[in-house]
Amino acid sequence: MLAGPARAWRRRADRFRHPAQVITVGFGAAVAAGTGLLSLPWATASDEPASLVDALFTATSAVCVTGLATVDTGTHWSPFGQAVILLLIQAGGLGIMTLATMLTLLLSRRLGLRARFLAQAETKSLSLHDVRGLVRRIVLFSLGTEALVAAVLTIRLITGYGLAPADALYSGVFHAISAFNNAGFSLHADGLVRYAGDAWICLTVAAAVIVGGLGFPVVFELARGWRRPGRWSVMTRITVTLTAVLLAAGTAVFTAAEWTNARTLGALAPGDRLLAGFFASAMARTAGFNSVDIGALRPESLLATDVLMFIGGGSAGTAGGIKVTTFGVLAFMLWSEIRGRAHVNAGRRRIPATNQRQALAIVLLSVGTVIAATFTLLAVTTHALDAVLFETISAFATVGLSTGITADLPAQAQLLLVALMFAGRIGPLTLASALALRDRDQRYELPEERTIVG
């Protein structure tokens, strides 16, 4: 028999066996560690300790692969501080539990059942059969893609801009890791505005963002059966189709709205305008890089970007937002309701009721969170609604695009954005389930009674 204190401790420990809870604690620990490292004097270029709010904000933005910043990354932080930011981005992109699983494999060559469940929760694996191989492929694929992107960027910076090889390599590696992980951190205060007409850099960064945002299960399935789309899973079909549709629609809307805006696309050559329009559409899918001044966008462009940011990218990848799969499930639910069908079908497959409830829960929680945060920010700042709403969605969807108001916000508003980035990264449902002490199964059903809807 355990003593009273021992039993109480055991009960508290048991509460954190749920994967969602461990993931939440893991991300929180990473943010705390990053905050501590960025608070060190040698983390800044001035050798003076950064303020706690700046360190916490930057660490959260890096771990949550967002890209919002209260200070300029390239000038405020020293090489040590920038290395810490890169490490946090990589950890956040791969997932705390994925890294922990790999460490377990390297040390013991064994993976217990509990560790498999944790890795499954982080990678969104649909089966526990080969979590070990899945995690290994994720790490190798991520590092390989980042190395390829870094090589292209480095060569272009040397040949096209005359940078010294060491400087070009550093910039290439930094932006490659930031792009693949959809982080949006840049060494330049104006983002990638200086490269707005450079197809080599813009298309390479956009490709890294899109691949990282598709999600690892989708990428691996495409690698195995890209020639047989008829055999793709429902998740892959939804992700690929909606990604293409949203990229095309975003490019068309953004380019048309900003074509004559002299402060954005209007200052570029016609071909460069199309490139910048596509780049803006791709970056709105939670990447956070910009090749034009976001603060100079027209209201219709801000609204279109809000929608793209909120939807986000693919599941189990480095993107944020509610995810295109969630949006796709809701679209199929609406289509089935319009046609009067009893079940929700996607192609030749039926979407389970549990997935439908999850999609509704994620959207409602996300909408409620964004509305509440926007209302609060409007109450504590003097900025306009469109700028505040843009900033709120960018933080919650872990995008990182900004109209330029982040650094001007009061400390309490910046702390609210910290909470939004954290909640948006681990997911509303993950956060809610992590806070629950234990699962409760309902062993009975109440009598059914219909109500008027609409």
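Inspect all residues belonging to the stretch 184-206 and state whether any of them is among the small types (G, A, S), within 13 Å of the chain's Cα centre (by Cα) and buried (at least 22 other Cβ atoms within 10 Å of the Cβ).
Yes; the residues of the stretch 184-206 include at least one that is among the small types (G, A, S), within 13 Å of the chain's Cα centre (by Cα) and buried (at least 22 other Cβ atoms within 10 Å of the Cβ).
Restricted to the stretch 360-383, and to residues that are in a loop (DSSP other than H, G, I, E, B) and either under 21 Å from the mean Cα position of the chain (by Cα) or polar (S, T, N, Q) (or both), which residue is surrounded by the most Cβ atoms within 10 Å (Cβ to Cβ)?
T381
Evaluate the following for G288: is it part of a helix (DSSP H, G or I) and at pLDDT below 95? Give the derivation first.
Working: part of a helix (DSSP H, G or I): no; at pLDDT below 95: yes.
So G288 does not fit the description; no.
Quickly run through the stretch 384-416 and pick out the residues that are part of a loop (DSSP other than H, G, I, E, B) and free of Cβ contacts under 8 Å to residues at least 24 places away in the same chain.
Within the stretch 384-416, A384 is the sole residue that qualifies.
So, in the stretch 402-432, of the ones that are open to solvent by less than 40 Å² (accessible area, probe 1.4 Å) and of a type in the set (S, T, N, Q), which residue ends up modelled with the lowest pLDDT?
T430
Restricting the first residue to the stretch 67-82 and requiring it to be touching a residue at least 40 places away in the same chain (Cβ under 8 Å) and closer than 20 Å to L420 by Cβ, which pairs with a second residue that is in a helix (DSSP H, G or I) and among the acidic types (D, E) meet a Cβ separation below 6 Å and a spacing of at least six or different chains?
T70/D54; V71/D54
Quick one: is R357 at pLDDT below 95, surrounded by 14 or more Cβ atoms within 10 Å (Cβ to Cβ), of a type in the set (K, R) and assigned to a helix (DSSP H, G or I)?
Judged against the criteria, R357 is not a match.
Out of the stretch 150-175, which residues are crowded, with 20+ Cβ neighbours inside 10 Å and farther than 19 Å from Q82 by Cα?
Of everything in the stretch 150-175, just one residue is crowded, with 20+ Cβ neighbours inside 10 Å and farther than 19 Å from Q82 by Cα, namely L157.
Working only within the stretch 258-285, note down all residues that are farther than 15 Å from R298 by Cβ, part of a helix (DSSP H, G or I) and open to solvent by 10 Å² or more (accessible area, probe 1.4 Å).
P270, G271, D272, L274, L275, F278
The values are calculated or read from the model by the stated rules, or taken from the named source; none is laboratory data. The shown structure was predicted, so the numbers you read here are calculated from the model rather than taken from an experiment. Here the Cβ is made from the backbone with ideal geometry for all residues, glycine too, and neighbour counts use every protein chain on show. Accessible surface is based on the protein model in full, side chains and every heavy atom, while ligands, DNA and RNA are left aside. Shrake-Rupley method; radii C 1.70, N 1.55, O 1.52, S 1.80 Å.
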